[in-house]
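Remarks on the structure that follows.
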Amino acid sequence: MSLDKTPEKIHTMFNMISDKYDFINNLMSFGMQMFVKRNCIRLLNPAPQDTILDLCTGTGDLARIIKSLQPDSAVTGIDFSEKMLEIAKNKGGEINYIQHDITNLPFRDNEFDIATIGFGLRNIQNTPKAISEIHRVLKPGGKFLHLDFGEKNFISKIFDKIIPILIKPFCDNIFAYNYLIKSKQEFLLPDDLIKEFQRKGFKLAKRKDYCLGVISCQILEKV
């Protein structure tokens, strides 16, 4: 049975877990998540003056990493959850945060040099529409970074078993994190995801896998 990814359900869930989101993510990744995110942004190599859109920005990790590496870039973070955005704004940084649905972006065609999304696309009910919107707002030749869980290998299966046990003492909403594990299991494998990106008008530029393939980063270009 497929997960319920209706916008109302996702909005409510992320608002409910917002106050413990960063702590639990660090716990789940054994402290690796920020290293991986920073490494991916270095691989992306944004240029000074780039206009950059961070989708499903959450508490703003990728947006702040981009801004720290390229202070002259113009970074916009967009997310569905107002409570996540409150935390992102409180962390500071010259970043423009907007609450909106990424399947209907409030931007002009060909507006951004770069778009990024980390651990968010698998929570979108209409994934093809979200990818089409990302393609629409990017300039020709613009870059798109997608970061999320990757191969469903032996290490990934161990992760799925131990994470709910590990976080249970710290999280009073274990349902939400069980959902996140299930969404990881149901999400497309990187090779299949790349094919979907290609069908929507992107070409693969770079790919890098982390943690024995459990996490995968793809950098694509708008054709």
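Where residues in the stretch 27-41 are polar (S, T, N, Q) and assigned to a helix (DSSP H, G or I), which of them is surrounded by the fewest Cβ atoms within 10 Å (Cβ to Cβ)? Can you show your working first?
As a first pass, look at the stretch 27-41 and keep what is polar (S, T, N, Q): 29, 33, 39.
Filter once more, keeping what is assigned to a helix (DSSP H, G or I): 33, 39.
Working: GLN33: 19, ASN39: 16.
This residue is ASN39.
Test of understanding: among ALA115, ALA176, which residue is aliphatic (A, V, I, L, M) and closer than 19 Å to TYR21 by Cβ? It would help to see each step written out before you state the result.
On the way: ALA115 fails: closer than 19 Å to TYR21 by Cβ.
From the options ALA115, ALA176, the qualifying one is ALA176.
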Out of (1) crowded, with 22+ Cβ neighbours inside 10 Å; (2) over 20 Å from ARG207 (Cα atoms), the one LEU44 does not meet is (2)
Counting only residues that are over 22 Å from LYS129 (Cα atoms) and either outside any loop (DSSP other than H, G, I, E, B) or β-branched (Val, Ile, Thr) (or both), how many does the stretch 83-99 have? 10
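Against the condition modelled with pLDDT of 95 or more and in contact with a Leu (Cβ under 6 Å, 6 or more places away or on another chain), how does ASP79 come out, does it pass?
Details: modelled with pLDDT of 95 or more: yes; in contact with a Leu (Cβ under 6 Å, 6 or more places away or on another chain): yes.
When the stated conditions are applied, ASP79 passes them.
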Any residue at all in the stretch 10-26 that's surrounded by 17 or more Cβ atoms within 10 Å (Cβ to Cβ), in contact with a helix residue (DSSP H, G or I) (Cβ under 6 Å, 6 or more places away or on another chain), under 25 Å from LYS208 (Cα atoms) and not small (Gly, Ala, Ser)? yes
Right, ASP50: more than 30 Å from LYS182 (Cβ to Cβ) and at pLDDT 95 or above or not? yes
I'd like to check something: does the stretch 59-73 contain any residue that is closer than 16 Å to PHE23 by Cα and hydroxyl-bearing (Ser, Thr, Tyr)? yes
Against the definition (surrounded by 17 or more Cβ atoms within 10 Å (Cβ to Cβ), more than 15 Å from the chain's Cα centre (by Cα) and aromatic (Phe, Trp, Tyr)), how does PHE202 come out, yes or no? yes
Can you run down the residue pairs with Cβ atoms below 6 Å, 6 or more apart or on separate chains, where the first is in the stretch 160-176 and over 16 Å from LEU3 (Cβ atoms) and basic (Lys, Arg) and the partner is at pLDDT below 75 and exposed (fewer than 15 other Cβ atoms within 10 Å of the Cβ)? LYS168/ILE174
Kindly indicate whether any position in the stretch 146-155 is among the β-branched types (Val, Ile, Thr) and either in contact with a Pro (Cβ under 9 Å, 6 or more places away or on another chain) or crowded, with 16+ Cβ neighbours inside 10 Å (or both). no
Cβ-Cβ under 9 Å pairs, at least 6 apart or on other chains, the stretch 1-16 side assigned to a helix (DSSP H, G or I), far side modelled with pLDDT under 90 and of a type in the set (S, T, N, Q): MET13/ASN173; MET16/ASN173
One residue is enough: does the stretch 119-127 have a residue meeting the conditions out of contact with any helix residue (DSSP H, G or I) (no Cβ under 8 Å at 6 or more places or on another chain), of a type in the set (Gly, Ala, Ser) and either crowded, with 21+ Cβ neighbours inside 10 Å or in contact (Cβ under 8 Å) with a residue 12 or more places away in the chain (or both)? yes
Which one of these is part of a loop (DSSP other than H, G, I, E, B), buried (at least 21 other Cβ atoms within 10 Å of the Cβ) and among the hydrophobic types (A, V, I, L, M, F, W, C): ILE65, ILE78, ILE52, ILE102? ILE102
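The values are calculated or read from the model by the stated rules, or taken from the named source; none is laboratory data. What you see is a predicted model; the values in this text were computed from it and never measured. For neighbour counting, all protein chains shown are included, and Cβ atoms are generated from backbone atoms with ideal geometry for every residue, glycine included.
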